[in-house]
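As structure tokens, the structure follows; a few thoughts come after it.
Coordinate-derived values only; no laboratory data. Just so you know, these numbers come straight off a predicted model, no measurement behind them. Don't worry about glycine lacking a Cβ; one is built from the backbone with ideal geometry, like all the others, and counts go over all protein chains shown.
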Amino acid sequence: MQTDPGGGSAPTRLLAAQRAAFARGAPDYRARIDALDALRDGIRAHEEELVQAVSDDYGGRAREETLLLELFPLYDLIRHARRHLKRWMRRRRVPGAWALLPARAFVMYQPLGVIGVVGAWNYQLLLTLGPLVDAIAAGNHVMLKPSEITPRSAGLIARLVAERFAPEYLTVVTGGPETAAAFSALPFDHLVFTGSTRVGHLVMRAASEHLTPVTLELGGKSPAIVHESYPMATALRRILVGKLFNAGQTCIAPDYLLVPAGREAELERLAIAIVRELYPTLAGNADYTRIVSQAHFDRLTHAVREVEARGARVVRIAPAGEVPGANDRVIAPTLVFDAPQDATLMREEIFGPVLPVVPYRTLDEAIEYVNARPRPLALYYFDHDGDRIDRVLHGTISGGVTINDVVLHIGQPNLPFGGVGASGMGHYHGFDGFAQLSKKKGVMVQARWSGVTLFHPPYGARTRRLLRLLLLTVRR
């Protein structure tokens, strides 16, 4: 982390400047709308540069994927916040307690102060600027730390923000892992982190030093379950499309597939045909994203080789017969059958185009399999039967669910997005993000006359009689 001649770290000084600016007055409705407009206009002005920067960071990523999976949902989050912000900011009258009548009560949402946001490399634009939308809508000042793993997009985010916003309101801190660690240890009023469970532990530990509340989006092993009655071809096409977006480098990508026992051969045949249709070639195909770095490529290839050496059947789907490798950081869509349950591939989030297939005999067995593992960020179930769908929804715990498709629940701004247990805590998107980054303050307004005065000392016979009546009403 850089320091400056004035003493202390630069991020510490930026935080102090933002706190001082916030103390002079939190942004009102008009200021928040103006900031959302400035963010939208800045993204629009740099749209093609942002798309190119992301592609450069990966060494190749389809323009269409960045537009579809990052910029479209980002614009939509801004549009949704602008449209609903006035209603979100209103005081909400709540019924007063009968024993305290005629006092009134209401809830108001108040900005917290300075929010820290640590973004993630796999969707640098959406996962850095998406939480920013919620923080702006809630009336906070914000410090952003984009991921250093994708430096071109991080640098462009920093330039975009500097062009449109005063640093005492919104600023970007760039740097490597040491900077990220020091950033997480700053005494923010709330910290939003997107990344791995391993790093999430470190972030939460650093934040606890100042009792900084955290929102953690940590991913995990998200299952997809296909019921016997659901058309396998339809389910598998939707699963593979979602899995192969960004070459599987998606926190809510299906991480393993539970299918009825005995249908593995059918699944393999269909998967080969579907991948051939989606990606006729892999090498040189601009539609098929590269693995972000050599270290991530090596981790994935090692995990696949490990299960292969231990007897798993590995099916690498390369429609044109290519043998992609480390030079272009391309990993072919890969199915894995009969992987040992203690292998790295079955214990850790995969984050690549590799899909283990796990057969099950009954739906209860599939549910038990999911519940025996840490709670996932997402769960996907394919079935048209309402009773069985309810059984899965009530019988499992996950951050979110899409029925009869994958990934798409993240595109619903009226749904909260966030993990549970090992996959994270807290929510963002839409009103839930606004509420998460606000203080929900309860307020009671006492009336001119208050019955509470009947219960002041000195206590006498009248007080005892009234107290007996009160207790009778609540003991029933």
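Starting from the Cα of ALA265, step 7 Å along the direction of its Cβ; do the same at ALA461; then give the gap between the two resulting points in nm.
Spacing of the two 7 Å Cα→Cβ label points: 9.4 nm.
Where does helix 461-475 land angle-wise versus the long Cα axis of the chain, in degrees 0 to 90, nearest 10?
Rounded to the nearest ten degrees, it is 20.
Starting from the Cα-Cα distance between ASP328 and THR362, subtract it from 0.36 nm times their residue separation and give me the gain in nm to one decimal.
Contour length minus Cα-Cα distance gives 8.1 nm.
Show me, for segment 93-99, the HN-Hα J-couplings you get by feeding each phi into the Karplus relation (A = 6.51, B = -1.76, C = 1.60, θ = phi - 60°), rounded to Hz, glycine and proline as x.
Per residue, the Karplus-derived 3J(HN,Hα) values read 5, 10, x, x, 5, 4, 6 Hz.
Of the chymotrypsin sites (Phe, Trp or Tyr not before Pro) in segment 405-464, which ones lie in a loop per DSSP and count no more than 12 other C-beta atoms within 10 Å?
When the chymotrypsin sites (Phe, Trp or Tyr not before Pro) of segment 405-464 are filtered for loop state and at most 12 Cβ neighbours within 10 Å, TRP449, TYR459 remain.
Any idea what Rg and Dmax come out to for segment 364-469 if you just take the C-alpha atoms, in Å?
Spelled out, the Cα radius of gyration and Dmax of segment 364-469 are 24.2, 68 Å.
Give me the number: length gained by fully extending LEU100 to SER293, i.e. 0.36 nm times residue separation minus the C-alpha to C-alpha distance, one decimal in nm.
Answer, rounded to one decimal: 63.3 nm.
Separation between the LEU67 and ARG19 pseudo-spin-labels, each 7 Å from Cα along Cα→Cβ, expressed in nm?
In this crude label model, LEU67 to ARG19 measures out at 4.5 nm.
When the helices in the chain are scored as -39500 (n - 2.57) per DSSP H run of 4 or longer and the sum is shared across all residues, what 222 nm value do you end up with, to the nearest 500 deg cm²/dmol?
-13000 deg cm²/dmol
Quote the charge dipole size of segment 222-415 about the Cα centre in Debye, to the nearest 20; the model charges only the Cβ of Lys and Arg (+1) and of Asp and Glu (-1).
Taking the Cα centre of segment 222-415 as origin, the dipole is about 360 debye.
Taking just the alpha-carbon atoms of segment 222-415, what radius of gyration and Dmax come out, in angstrom?
For segment 222-415, the Cα radius of gyration and maximum Cα-Cα distance read 16.0, 50 Å.
With no solvent and one point on each alpha carbon, what is the Debye value of log10 I(q)/I(0) for segment 246-354 at q = 0.12, 0.19 Å⁻¹?
For the requested q values the scattering log ratios are -0.40, -1.06.
If packing is taken as the average count of other Cβ atoms within 10 Å, what order do 114-125, 229-240, 38-49 fall into, highest mean first?
Descending mean neighbour count gives 114-125, 229-240, 38-49.
Only bridges with both residues in the chain count here: give the DSSP antiparallel percent, nearest 5.
Just about 35 percent of them are antiparallel.
7 Å from Cα along Cα→Cβ at both GLN412 and GLN341: what's the point-to-point distance in nm?
3.2
Arrange the peptides 247-253, 206-212, 313-319 so that the one whose residues have, on average, the most other Cβ atoms within 10 Å appears first.
Highest-to-lowest ranking by the protection proxy: 247-253, 313-319, 206-212.
Quickly rank 63-70, 279-286, 188-195 as a protection proxy: mean count of other C-beta atoms within 10 Å, highest first.
Result, highest mean first: 188-195, 63-70, 279-286.
Measure up LYS86/LYS440; LYS86/LYS439; LYS145/LYS441; LYS221/LYS243 against 22 Å on the Cα-Cα distance and list the ones that go over.
LYS145/LYS441
Mind listing the phi-derived Karplus ³J(HN,Hα) values for segment 101-106, rounded to whole Hz, using 6.51, -1.76 and 1.60 with θ = phi - 60°, and x for any glycine or proline?
So the J values, rounded to whole Hz, are 4, x, 4, 9, 9, 8.
Under 5 Å between amide H atoms, partner at least 5 residues away or on a different chain: which partners does SER147 have, H built in plane at 1.01 Å?
Amide H neighbours of SER147: GLY119, ALA120.
Above 40 Å lies some portion of the pair distances; for the chain, what is it as a whole percent of all C-alpha pairs?
30
Once phi is turned into θ = phi - 60°, what whole-Hz ³J(HN,Hα) does the Karplus curve with 6.51, -1.76 and 1.60 give for every residue of segment 131-141, x standing for Gly and Pro?
Calculated HN-Hα couplings, in order: x, 4, 4, 4, 5, 5, 4, 7, x, 9, 8 Hz.
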